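Notes follow the structure.
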Amino acid sequence: MNAKELGVRIEQRRKLLRITQADVARLASCSVPSVVAAEKGKPTLRLEILLSILRVLGLTIELAEQGNGDLR
């Protein structure tokens, strides 16, 4: 999943929950422009803000190893 795809998922979830960007911003203690940036998949959004927005929407990010996991 890339940043744009993540943004689409965030927007879809917000709309499914029938809450506004302003509601998300208030609950996530961030600005409306930050919510807009998350929904547009802006890669420069601070991770802390993104995680807060995801928490409000009931979403999580899962980390998984790619390939064989050999870091050499």
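Laboratory data are not the source of any read-out in this text; all were calculated from the coordinates shown. Note that the coordinates shown come from a computational prediction; the quantities given were computed from them, not determined experimentally. FYI the Cβ positions are ideal-geometry reconstructions off the backbone, even for glycines, and counts take in every protein chain you see.
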Check whether at least one residue in segment 15-24 is surrounded by 12 or more Cβ atoms within 10 Å (Cβ to Cβ) and either basic (Lys, Arg) or touching a strand residue (DSSP E or B) at 6+ places or on another chain (Cβ under 9 Å) (or both), and report yes or no. no
Condition set without any contact (Cβ under 8 Å) to a residue 12 or more places away in the chain and assigned to a helix (DSSP H, G or I), scope segment 36-48, selection surrounded by the most Cβ atoms within 10 Å (Cβ to Cβ): answer is Ala37
Would you pick out the residues in segment 25-35 that are farther than 15 Å from Arg9 by Cβ and either within 10 Å of the chain's Cα centre (by Cα) or in a helix (DSSP H, G or I) (or both)? Ala25, Arg26, Leu27, Ala28, Val32, Pro33, Ser34
